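The values are calculated or read from the model by the stated rules, or taken from the named source; none is laboratory data. Being a predicted model, the structure only gives us computed values, none of them experimental. When we count neighbours, we look across all protein chains shown, and the Cβ atoms used for this are built from the backbone with ideal geometry, even at glycine. Surface areas here come from the heavy atoms of the whole protein model, side chains and all, with no ligands, DNA or RNA. Shrake-Rupley method; radii C 1.70, N 1.55, O 1.52, S 1.80 Å.
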Amino acid sequence: FLPYGNEFKTGGELMSDRQDVLFEIDTNSARVTFIQSGVWPEFMHENKSYDSDDFFIRFVERYVDRDDKDVVLHTLSIEEIQNASWESRPLISVEFRAFSPESGLYEWYLASIITPRIGKSYGSIQNIQREKEKQLSMLYRADHDTLTGLLNRTAFEQKLLSFLSKPETPGTFY
């Protein structure tokens with residue numbers, strides 16, 4: 001992403017999907033400004049600046065699935081973003097499930113932050129629900145028989161070996 005006024009460019013094209021959240025982080029002042037608020041306009045006000053860590057803590061507590069909260073908080077922390085800049089890591093990202101006010105369901109999202117230099121970083125939060133459903137469907141089909149829905153031979157053998165290689169716990173019966 002390259003900043004372009006109040007929008008972002010990717011390969012010369014302006015991003016126009018209003019579902020995406022676009023933001024800029026000033027890592028020196030630890031402030032985040034939303035350029036586009038996506039599906040959370042009542043929570044993320046465009047062109048308003050927030051304390052970065054405080055804002056993302058509130059966002060995670062309000063919308064992110066409890067199983068994903070810790071990893072999202074770590075990835076979106078100002079400390080992690082500053083470290084990525086200092087260590088010349090150009091991109092940090094995390095996949096997570098969050099509540100979508102539009103669908104009323106938890107859906108998969110991808111938060112990505114580009115850290116081109118110390119001082120300014122740019123990020124997006126994109127809905128990846130369709131892609132995740134395709135990925136999970138392919139993983140299921142790879143491990144299951146299409147006729148019966150049972151594990152196929154390879155997957156069954158892998159699960160059996162994994163089970164048998166675990167140390168026996170006292171009081172456990174097989």
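Residues considered: Leu160, Leu91, Leu151. Largest GNM mean-square fluctuation over the chain, using C-alpha springs under 10 Å, is found at Leu160. Evaluate E = 1/(1 + (r/R0)^6) for Ser162 and Arg141, where r is the Cβ-Cβ distance and R0 equals 25 Å; express this FRET efficiency to the nearest 0.05. My answer for the efficiency is 0.80. Taking the helices alone, the chain has a mean residue ellipticity at 222 nm of -10000 deg cm²/dmol, built from -39,500 (n - 2.57) per DSSP H run of at least 4 residues and averaged over all its residues. In terms of its C-alpha gyration tensor, the range 91-174 has a prolate overall shape, because the principal axis ratio a/c (a ≥ b ≥ c, square roots of the eigenvalues) is not below 1.5 and a/b outweighs b/c.
Protection proxy ranking of 76-88, 106-118, by the mean of other Cβ atoms within 10 Å over each peptide's residues and highest first, is 106-118, 76-88.
Compute, for the range 107-160, the length of the dipole vector about the Cα centre, with Cβ point charges of +1 (Lys, Arg) and -1 (Asp, Glu) only. Units Debye, rounded to 20. Each step should come with its number before you reach the end.
On the way: 8 positive and 6 negative charges, 62 e Å.
The calculation lands at about 300 debye.
A 1.4 Å probe over all protein chains sorts Glu24, Glu168 by accessible area into Glu168, Glu24, starting with the largest.
Straight-distance candidates among the lysines for linking to Lys48, with alpha-carbon spacing under 19 Å and chain neighbours fewer than 8 residues away dropped: Lys120. The distance between label points at Thr154 and Ser77 comes to 4.0 nm (points 7 Å beyond Cα on the Cα→Cβ vector).
For q = 0.22 Å⁻¹, what log10 I(q)/I(0) does the range 32-174 give under the Debye formula with an equal point scatterer on each alpha carbon and no solvent? Normalising to I(0) and taking log10 leaves -1.34. Computed over the chain with a Gaussian network model linking Cα atoms closer than 10 Å, the most mobile of Gly104, Gly149, Gly123 is Gly149. Let a ≥ b ≥ c be the square roots of the eigenvalues of the Cα gyration tensor of the range 47-107; is it rounded (a/c under 1.5), or, if not, prolate (a/b larger than b/c) or oblate? The shape class here is prolate. Residues whose amide H lies under 5 Å from that of Glu46, counting only those 5 or more places away or on a different chain, are absent; hydrogens are built 1.01 Å from N in the peptide plane. Most tightly packed first, judged by the mean number of other beta-carbon atoms within 10 Å of their residues, the peptides 34-44, 135-145 read 34-44, 135-145.
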